[in-house]
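Student: Dropping a structure here in structure tokens format, bear with me for questions.
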Amino acid sequence: METLLKNADKIDAFLQKSTPRKSTGKSNREIQSNITDNDSAKMNTSKGTLQGYNCQTVSDEKRQIIIATECFGVGPDQTLLKPMIKKSKKTSMKMH
């Protein structure tokens, strides 16, 4: 019983301090929270569903170096193209 009460207190504290996360897709629905790591996301893979991050990297074709990298707490790559282009432009402006 004591363990259940501790877990309930932990959940209450989490709910009081965190704000709901919204989907980045068209639906803009609320995403299920994760008490352990609320920035991560559930992602479907060929080996099942896992809780983790979607890491993206952009490299410079001419110099063959990484110019932008970021880890996102969303599964689908489609929503990540624009933020990565923006970050790449910012980095390449610093290089010139």
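Bear in mind that the values in this text are calculations on the coordinates, not laboratory data. As the structure is a computational prediction, the values presented were derived from the model and not from experiment. As a convention, Cβ positions derive from the backbone with ideal geometry for all residues, glycine included, and neighbour counts pool all protein chains shown.
Student: Between THR91 and ALA8, what FRET efficiency follows from the Cβ-Cβ distance if R0 is 35 Å, with the result rounded to 0.05?
Tutor: 0.15
Student: For region 10-88, which trypsin sites (Lys or Arg not before Pro) are in a loop by DSSP, counting at most 11 other Cβ atoms within 10 Å?
Tutor: Here the trypsin sites (Lys or Arg not before Pro) that fit, given the DSSP loop and packing criteria, are LYS26, ARG29, LYS47, LYS62, ARG63.
Student: Mind checking which of SER46, SER33, SER59 has the largest fluctuation in a GNM of the chain, springs on alpha carbons under 10 Å?
Tutor: SER46
Student: Residue separation times 0.36 nm, minus the C-alpha to C-alpha distance between SER33 and LYS82: what's the value?
Tutor: Taking SER33 through LYS82 to full extension adds about 15.2 nm, to one decimal.
Student: Only sites in a loop by DSSP and with at most 13 other Cβ atoms within 10 Å count here; which GluC sites (Glu not before Pro) in region 5-96 make the cut?
Tutor: Qualifying residues, ordered by number: GLU61.
Student: Taking every pair of alpha-carbon atoms in the chain, what share in percent sits in each 5 Å bin, from 0 to the bin with the longest distance?
Tutor: Bins of 5 Å from zero give 2, 11, 16, 16, 15, 13, 11, 7, 4, 3, 2, 1, 0 percent of pairs.
Student: Given 0.36 nm per residue, what is the gain on full extension from THR69 to MET1 after removing their alpha carbon distance, in nm?
Tutor: My answer for the length gained is 19.9 nm.
Student: Another one. Looking at the chain as a GNM with Cα springs under 10 Å, which of ASN38, ASN54, ASN28 has the largest mean-square fluctuation?
Tutor: Result: ASN28 has the largest fluctuation of those listed.
Student: Excluding residues fewer than 8 places away in the same chain, name every one of the lysines whose C-alpha is closer than 22 Å to that of LYS82.
Tutor: Output for LYS82: LYS22, LYS26, LYS42, LYS62, LYS90, LYS94.
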